[in-house]
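*Asks:* Supplied in C-alpha cells, the structure appears directly below.
The values are calculated or read from the model by the stated rules, or taken from the named source; none is laboratory data. Note that the coordinates shown come from a computational prediction; the quantities given were computed from them, not determined experimentally. Using ideal geometry, Cβ is built from the backbone for each residue, glycine included, and neighbour counts are taken over all protein chains shown. Areas reflect the complete protein model, heavy atoms only, side chains present, ligands, DNA and RNA absent. Shrake-Rupley method; radii C 1.70, N 1.55, O 1.52, S 1.80 Å.
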Amino acid sequence: MTALTHGRVLNIALPIVLSNLTVPLLGLVDTAVVGRLGGPAPIGAVGLGAVILTSVYWVFGFLRMGTSGLVAQAHGAGDGPEVGAHLLRADHRAGGGGGLHPAAGAHRGGGLSAGPRIGCGRGAGPRLSGDPRLGALTTIGLYALTGWLIAVERTRAVLGLQLIQNGLNIALSIALALGLGMGVAGVAWATLAAEWAGLAVALWLARHVLAEARRAAGIWARDRIARLARVNGDIMVRSVLLQGCMTSFLFLGAGQGDVTLAANQVLLQFLALTAYALDGFAFAAESLVGQAVGARRAGQVRRASLMTSGWGLGFALLLGAGFLLGGGAIIDMLTTDAQVRAVARDYLPWLAVAPLIGLAGWMLDGIFIGATLTREMRVAMIRSVAVFVACVVILPPIWGNHGLWAALMALNLARAATMLRLYPRAEIAAAPGGISSPR
C-alpha cells in the first residue's frame, strides 16, 4: 500500500475540489441569469423547480457513494478484477434506476459498458431538465464511474469530465436563456444537452476497467449482490432523509414570502459551494479509509481520517472568512433585486459559520463510506433528523427565517455528534475479521 502523505491527500482532494466547484458554479450562473429577468419570483421558481427534480434523482447518490467504498476496499486488498466487478454491478443498478440507460442494454446483451457519473458532490444532481425521464438516463447513469475513479485515486479524470460537461452547460445556459431569449426553459435545455455530452465522454472512459471484470469470480454471486444492496439501501435512506430536510427548509422559507424565498435560494448557493469544496477532502477520506480497510490496516484508518480532516478544516476556515468578507459582493452578483439583496445580507452570518459547523459531518460521511459503515450512517441520520424536526417546530415561530437557518445548523451539528460517537467502528472494520469481506 502506497505511503500515506499530505501530498497524496492533496493529489486526491484538489482535483475533486476544483471539479465540485464547477457544479455550484452552474447554480450561480443559473441564478445570475434568471436574476436578470427581473423580480424575485423567477429566482424562487428556479429554486423550487430544482429542488423538486433533485429530490427525485439525488437519492440515487448511493450509487456513487456505495461504489466508492466497495471499490476502495477491493483496491486496497489488491483485487483488480473485483474492482471492475463492483463498477459493473453498480452500473447495472444504475441502468435499472434510469430505465432506458444504454449501459443496461449492453449488460443484458453480454457486452461491457458503463454509465459513469460526472457531477460528484453528495448533493449533486440535475438542477433542471426539459424531460425528467431524459435527465434520469444521464444523471443516474453517471454516478457509478465517479465512485470508481475516486476510489482508485484517478480524480484528475473526474476533473476533466466535469470541465467538459459543466463548461458546455454554462455556455449553453447563457446562450439559450439570454442570447435566444428562452428564459428558464433555456437553462433547463442547456443542462440536459450538457449531461448527454458528458455521458458520451464518460462511457468511453469506462471501457477498460469493465473488461477486467470478466476475470472476477462470482460477479453476480448472491452474497455480493446482497452486500451491494445493503450498502446502497442504507445510504439511500440516509440520502432521502437529508434531502427531505433540505427540501423542507426551502419550502418553509417559501411560506414567508417571495423575497425571503429568493434570499434563501441565493444563500443556498453559498452552502452548495461549501459542501462541494469540503467534499473534496471527504472523498479523499472515502478512498484512503476504504483502501486501509481493504488492506486490514487500522492505523492507516486513523491517520487518513486525521490528515484529510485537517486539510478540510483549513479550507473551512478560508471559506468562512471569504463569505464574511466578500459575501455581500457575491449576493449582488446573483441578483439585481434590491429587496432580495437586503434580506440575503441579513442572513449572511449563518453562511460564514456554516463551513465550520458542517465540516465534521461531511468528513465523517467520507470516513464511514470508505469503511462501508452505512448502517451507522443511517442510524445517525435518523437521530439527526429528529433534532432538526424539533428545531423547526420550536425556532421559526420565535425567530422567523433565522430560526430556519438555526435548525439547519443544528442538523449538521447533530450529524457530527452522532457519527463521532460511532467512529471507533471504522478502525474496528480494518482489523482482521472486521468486515465480512474486503470486497
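*Asks:* Provide Rg over Rh for the range 310-406; use the alpha carbon set for both Rg and the Kirkwood Rh (inverse mean inverse pair distance). Working shown, then result.
*Replies:* Numbers: Rg = 16.6 Å, Rh = 15.7 Å.
Answer for the range 310-406: 1.06.
*Asks:* Continuing with the same structure: Starting from 0.36 nm per residue, how many nanometres of slack lie between R345 and L324 once their C-alpha separation is accounted for?
*Replies:* Numbers: separation 21, 0.36 × 21 = 7.56 nm, distance 1.03 nm.
6.5 nm is the gain from fully extending R345 to L324.
*Asks:* May I pose another question? Length gain on complete extension for the stretch L422 to W220, per 0.36 nm per residue less the alpha carbon to alpha carbon distance? It would help to have the intermediate numbers written out before the result.
*Replies:* Numbers: separation 202, 0.36 × 202 = 72.72 nm, distance 3.16 nm.
That works out to 69.6 nm of additional length.
*Asks:* Let me ask something else about it. Measure off 7 Å from each Cα along the Cα-to-Cβ vector at L413 and V240, then give the distance between these two points in nanometres to one decimal.
*Replies:* It works out to 2.9 nm between the two label points.
*Asks:* Cα gyration tensor of the range 218-374, axes a ≥ b ≥ c as square roots of the eigenvalues: rounded (a/c below 1.5), prolate (a/b > b/c) or oblate? Let's see the in-between values first.
*Replies:* On the way: a/c = 3.78, a/b = 1.77, b/c = 2.14.
Because a/c hits 1.5 or more and a/b fails to exceed b/c, the range 218-374 counts as oblate.
*Asks:* Scan around T335 for amide H atoms under 5 Å from its own, H built in the peptide plane at 1.01 Å from N, and keep only partners 5 or more places away or cross-chain.
*Replies:* none
*Asks:* From the square roots a ≥ b ≥ c of the eigenvalues of the alpha-carbon gyration tensor of the range 218-289, which class results: rounded (a/c under 1.5), prolate (a/b over b/c), or oblate? Kindly include the intermediate steps, with their values, before the conclusion.
*Replies:* Values: a/c = 5.24, a/b = 1.98, b/c = 2.64.
Oblate, because a/c is 1.5 or more while a/b does not exceed b/c.
*Asks:* Now a separate question. Within the range 331-351, name every residue whose backbone N is under 17 Å away from a label modeled 7 Å from Cα of H402 along the Cβ vector.
*Replies:* Under 17 Å, as judged by backbone N against the label point of H402, lie 342-351 of the range 331-351.
*Asks:* Hey, another quick one. Quick one: pull the percent of accessible area on the range 283-388 belonging to carbon and sulfur, 1.4 Å probe, ligands and nucleic acids left out.
*Replies:* Working: 2550 of 3860 Å².
Answer for the range 283-388: carbon and sulfur cover 66 percent of the accessible area.
*Asks:* Something else: Could you derive backbone 3J(HN,Hα) for the range 378-386 from the dihedral phi with the Karplus parameters 6.51, -1.76 and 1.60 (θ = phi - 60°), listing whole Hz in sequence and x where the residue is Gly or Pro?
*Replies:* 5, 4, 4, 5, 4, 5, 5, 4, 4
*Asks:* Quick one: check the C-alpha center-to-center distance for the range 365-419 versus the range 272-292, whole angstrom.
*Replies:* Going from one Cα centre to the other spans 19 Å.
*Asks:* Further question on the same structure: Mind listing which chymotrypsin sites (Phe, Trp or Tyr not before Pro) in the range 182-226 are in a DSSP loop and have 11 or fewer other Cβ atoms within 10 Å? Working shown, then result.
*Replies:* Working: sites: W189, W196, W204, W220; in loops: W220.
For chymotrypsin sites (Phe, Trp or Tyr not before Pro) across the range 182-226 that sit outside H, G, I, E and B with at most 11 neighbouring Cβ atoms in 10 Å, the list reads W220.
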